[in-house]
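One structure is given below, encoded as structure tokens.
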Amino acid sequence: MRGKHKEPYLRFRNILGFVPNNISYYEMALIHRSSAIRKNGEYINNERLEFLGDAVLGMVIADMLYRHYNNQKEGFLSNTRSKIVQRETLNRIAVEIGLNKLIVTSKKNNIQKDNLYGNAFEALIGAIYLDQGYRKCQEFLEKKIFASHINLDKLIKKEINFKSQLLEVSQKHRMELVYNSLQERKCDKNKMFFESEVLLNNIPVATGTGNSRKESQQHAAQSALRKIKSDKKLFDKIIKNKFVEEEIKKHTEYTD
């Protein structure tokens, strides 16, 4: 490796702690869809790597928490994992390791940066997985990320308001947000069981259960956030439905 060919490897080595085998995976992880590169008739960006990295990241975190907290129940493990993979945490990690300075985006478009850095971090995990395998992802996350950038004890004490997060998303994209109660009943030992549903622009997106209406709505909101992040077709359908309903309303008012 000489000159400009050596530079990308050194740049990623400083972030990763090891030298990549296939540098193209890591370079792709930093290409936002606004700056997609056309190759062999297809546009190349980091969205597919982000999808893969999201799954690998979730598996590594679940594995680590299962081993680290061997006396904790599923609810605690699931809640802690949610706190780690939330956008706020992943965005912060991406900035701290320097990914924000390397992401390629178009300056012509008004890019929303809410998820930009965290998405690139997930894409980076996907690149490591393809280039080095699961064990290297595990080693990178545990020794490089968790050891230096995540305080688990502090994170565990942090409360996450998923309803508030979903409200922010709905307001940002001018979506109508509604919670419907699907079930309310007594179960064993006089405990209550609640099931709630989230609708965005009148489209059912997710459901959640809990021992209180508030808890069930929080779980429904958490699931809805995950779905609209990972399913672009669903997100587009929700946005489109808003305009369809507005057109129907205008037409109805006109005919009246």
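Got a sec? How would E168, E197, E50 order by Cβ neighbour count within 10 Å, fewest to most?
Fewest-to-most ranking of E168, E197, E50: E168, E197, E50.
Do the alpha carbons of any pairs in K83/K163; K191/K214; K83/K172; K186/K214; K163/K229; K163/K237 sit beyond 19 Å of each other, and which pairs?
Table pairs above 19 Å Cα-Cα are K83/K172; K163/K237.
In a GNM of the chain with a 10 Å cut-off on Cα contacts, which of M64, M192, M175 has the highest mean-square fluctuation?
M192
Limiting things to C-alpha atoms, what are the Rg and the maximum Cα-Cα separation (Dmax) for the chain, in angstroms?
Calculated on Cα positions, Rg and Dmax stand at 21.2, 74 Å.
Which of the peptides 9-22, 86-99 is most tightly packed, and how do the rest follow, judged by the mean count of other Cβ atoms within 10 Å per residue?
86-99, 9-22
Normalised by the residues of the chain, what does the relative contact order come to in percent, with Cα pairs under 8 Å and at least six apart?
15
By the scheme Lys and Arg +1, Asp and Glu -1, what is the net charge of all other residues having a beta-carbon under 12 Å from that of A220?
Once positives and negatives cancel, what remains is +2.
Counting every Cα pair in the range 6-68, what percent are over 14 Å apart?
67
Among C137, C187, which comes first, second and so on when ranked by fewest other beta-carbon atoms within 10 Å?
Least to most surrounded, the residues fall as C187, C137.
Throughout, read-outs are computed from the coordinates displayed, never taken from laboratory work. Computed from a predicted model, the values in this text were never measured in an experiment. With ideal geometry, Cβ positions are generated from the backbone for all residues, glycine too; neighbour counts draw on all protein chains shown.
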